[in-house]
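Student: The structure is given below, and queries will be raised subsequently.
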Amino acid sequence: MKYLRSAIVIVIFNLASFIAEAQPGDPGGGGNPTVPITGIEYLLMGGAAMGLRNFLLRHRKPKN
């Protein structure tokens, strides 16, 4: 029964990914549109910078 449930879940995920890939393409042609950086990217960059700063402060070599 356990394997049957996991097989059903695998089939559902495979079908969902197939359906997501089968969507029609961009109607504008084959251009390379530029997308501006939105607010979520600024939040991600700020979080990464804070994490890097905290990492570097914790792993700083002690002064002799």
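Student: Given R₀ = 30 Å, FRET efficiency for Asn54-Arg5 by Cβ-Cβ distance, to 0.05?
Tutor: 0.15
Student: To continue, here is another question. Label points 7 Å out from Cα along the Cβ direction at Ile40 and Ile12: separation in nm?
Tutor: Placing both labels 7 Å beyond Cα along the Cβ direction yields 2.4 nm.
Read-outs throughout are calculated quantities, based only on the coordinates presented, and are distinct from any laboratory measurement. Nothing here was measured: the structure is a model prediction, and the numbers come from that model. All Cβ positions, even for glycine, are placed from backbone atoms using ideal geometry, and neighbour counts span all protein chains on display.
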